[in-house]
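Participant: First the structure, which I've put down as structure tokens, then a few questions once you've had a look.
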Amino acid sequence: MAIIDYAAAQNLALMFFEQAAKLGDKPFLWAKRDGTYQPMSWREIDRQVRALSRALRAQGIQPGDRVVIVSENRPEWAIADLAIMAAGAVSVPAYVTNTVADHIYILENCGAKGLICSTEKLLRNALPAAIHSSHCEFVIALEGKGPAQECTIRFQDWDDALKAGAAMPDDVEQVAGQRRRDDLACLIYTSGTGGAPKGVMLSHRAIFCNLVSAFDLLHEFGLGDEVFLSFLPLSHSYEHTCGLFFPISIGAQIYYAEGADTLAANLQEAKPTIMTAVPRLYEVLHGRILAGVERAGGKKRDLFMKALELGRKRIEQPGSLSLGEKAFNLLLDLLVRRKVRQRMGGRLKAFISGGAPLNYEVGMFFLALGIRLCQGYGQTEAAPVVSCNRPRRIRIETVGPPLKGVEVRLAPDGEILVRGELLMDGYWDDPEATEKALIDGWLHTGDIGEIDPDGYIRITDRKRDIIVISGGDNISPQRVEGFVTLQPEINQAMVYGDKRPYLVGLIVPAQDFVESYAKGKGVAPNLAELAGDKDFRAAIGEVLDRVNRDLSSLEKVRRFVIATEPFTTDNQMLTPTMKIRRHNIRKEYQAILDALYEGKAG
């Protein structure tokens, strides 16, 4: 482990060069090539960062210019990000799910001078947007061809850019050395859950504040030669800080996951010590593990369920296990929990969950199986981590206490306020939104919460997402949706009812349930057609009845409608970080949801 001096570090690019000089030929970034993970050393990444940085300056990039990155997680993503910063410019990560219109919005909004793209597929949306942009002057692409017709955009192949940069004098560290901690490092756009994305201006200082906090937390896990498995998009501030720059700062190795379908295999191959992800990943793992246990059946299932029962009892009721239960629980460590840990690679110190609320049942499931899962909390505007559970005292129903260097307090209405060096400089070209978010040095998060006497924070809702039914009662839609989507038959849900007498729901059934039902009825597994099937609706209704038994009378979902398609990033109903876009969903289903109150649907 090679740890940088956080206090002395001038900027993120120089931090990387310092680490590369120390670690040389040791493996750094791992990606799949020819079906197996193969490493790139610190020295090789350093060489490419320097070459690309010089190539960017040859394209006209000046300090402070913005360059957009459109790429899936891979070594070249990190190389591009570091090269942009080393040129004194500002990196602007963009989601790979962006449409042409999305890319145009970001390019125009931030006035990006250049764009770096990875695959030919991604270039199909990125290149037209660059051509349309009034500011973008060049595109560098790993794959694909340039514009089919003559235009003002300069197009350069990645390898050609590296060759051109390699032939230039190596003055990269001198140029990078002109940037200070307070200078802008990156411009990360929010995922757009509440409307048009806003460009969050994050300085080197803000990200360093997060790195110091993360290192303080890592001390409690135990320091060693760390290995990260990068799964969440690097365009998300959570992965950008915790999955790229924090590993760099401690000299860790990073493996790039191939995707959700291969995650189980990637865990076995990478054998990570730390992994950060959003709750949806843990929900998927939870579902897959339980499905496998049900398929196994018999004694294996019985032992697994007993491990869950005793593990949960030990955590929720400390000291309550009898002598016989303690002995059996130790045996279950060998028979069940050790095997589950091996499925996660066998070296995992912790899963870290952030980006959205973690369902309590899902979190307790992993803890009961002996897998440390620490829920944290943050926002892009805070670079992004604000708090996290400490490994020696995990309270999964909370997001933990504030991290080192972070102040948190509650406003009179319960809104969580944050202060510290981690805060953004503001929203790009949006002083009005900045003034609303940053007041007297405090970030107004828009989240409602509670802080207990031990300093642990509990998030109760989003300020703007609270449903106020016509009787004046406040209801947390996320809480209700969490209960609904915990059912194996349901994949996604949105509840609705602001200024209405009760809650109704929009339900997306799980694909496995759709296929199983369709097979039993001898019909096609077409969700759009099944949405109107009386018997299918009755089956979903039984699931909601089961859910409603555990909800208060105000929270019960009284009526529902089945969505004709899942919420996805393609139909703009899901953000790239797997959060539902309520405003877009309401726009699509408003009439049918309103009809539920008029007795015309549901």
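Participant: If exposed means no more than 11 neighbouring beta carbons inside 10 Å and the site is in a DSSP loop, what's the longest run of the chain without any exposed trypsin sites (Lys or Arg not before Pro)?
Facilitator: 181-391
Participant: While we're looking at this one, here's another question. If amide H atoms are built 1.01 Å from N in the plane of the peptide, which residues on other chains or at least 5 residues away come under 5 Å of the amide H of G426?
Facilitator: Counting only residues 5 or more places away or on other chains, the set is M201.
Participant: Which value in nm describes the separation of the simple spin-label points at D570 and T99, placed 7 Å from the Cα toward the beta carbon?
Facilitator: Output for this residue pair reads 1.4 nm.
Participant: Roughly how many nanometres apart are two label points built 7 Å out from the Cα toward the Cβ at Y37 and Y360?
Facilitator: Those two pseudo-labels are separated by 3.6 nm.
Participant: Can I ask one more? What aspartates and glutamates does K145 reach when the alpha-carbon gap must be under 19 Å and sequence neighbours fewer than 8 apart in one chain are set aside?
Facilitator: E72, E76, E120, E137, D157, D159, D160
Participant: Of K499/K534; K22/K163; K300/K339, which pairs sit farther than 21 Å apart, going by alpha carbon to alpha carbon?
Facilitator: Pairs exceeding 21 Å: K499/K534; K22/K163.
Participant: Compute the Cα gyration tensor for the range 89-194, then decide on rounded, prolate or oblate, letting a ≥ b ≥ c be the square roots of its eigenvalues: rounded whenever a/c is under 1.5, prolate when a/b is larger than b/c in the other cases, and oblate in all that remain.
Facilitator: Note, shape of the range 89-194 comes out oblate.
Participant: At R0 = 60 Å, how high is the FRET efficiency between H583 and R154 if r is their beta carbon distance? Nearest 0.05 is fine.
Facilitator: 0.95
Participant: Now for a separate question. Find how many whole Å separate the alpha carbon centroid of the range 457-488 from the alpha carbon centroid of the range 1-64.
Facilitator: Value for the Cα centre distance between the two parts: 43 Å.
Participant: Okay, next question. Pop a pseudo-label 7 angstrom from the Cα along the beta-carbon direction at both D454 and I469 and give the gap in nm to one decimal.
Facilitator: Label at D454, label at I469, 3.4 nm between them.
Participant: Okay, next question. Taking R0 as 30 Å, what FRET efficiency do you get between A196 and R479 from their Cβ-Cβ distance, rounded to the nearest 0.05?
Facilitator: 0.65
Participant: Summing -39500 (n - 2.57) over the DSSP H runs of n ≥ 4 in the chain and dividing by its residue number, what mean residue ellipticity at 222 nm do you reach, to the nearest 500 deg cm²/dmol?
Facilitator: The helix-only estimate for the chain comes to -12000 deg cm²/dmol at 222 nm.
Participant: Let me ask something else about it. Semi-axes, largest first, in whole Å: what does sqrt of 5 times each Cα gyration tensor eigenvalue give for the range 466-596?
Facilitator: Output for the range 466-596: semi-axes of 24, 17, 13 Å.
Participant: Which of the following values of mean projected area of the Cα convex hull in nm² was calculated from the structure shown: [x] 48.1; [y] 30.7; [z] 29.2?
Facilitator: [z]
Participant: Test of understanding: what is the full-extension gain from V175 to K299, defined as 0.36 nm times their sequence separation minus their Cα-Cα distance?
Facilitator: Values: separation 124, 0.36 × 124 = 44.64 nm, distance 6.45 nm.
That pair, V175 and K299, stretches by 38.2 nm at full extension.
Participant: A follow-up question, please. Suppose R0 equals 51 Å; then what is the FRET efficiency for D5 and R341 from their Cβ-Cβ distance, rounded to the nearest 0.05?
Facilitator: 0.90
Every number in this text was worked out from the coordinates using simple rules, so none of it is lab data. Just so it is clear, the model here is predicted, and its values are computed rather than measured. Using ideal geometry, Cβ is built from the backbone for each residue, glycine included, and neighbour counts are taken over all protein chains shown.
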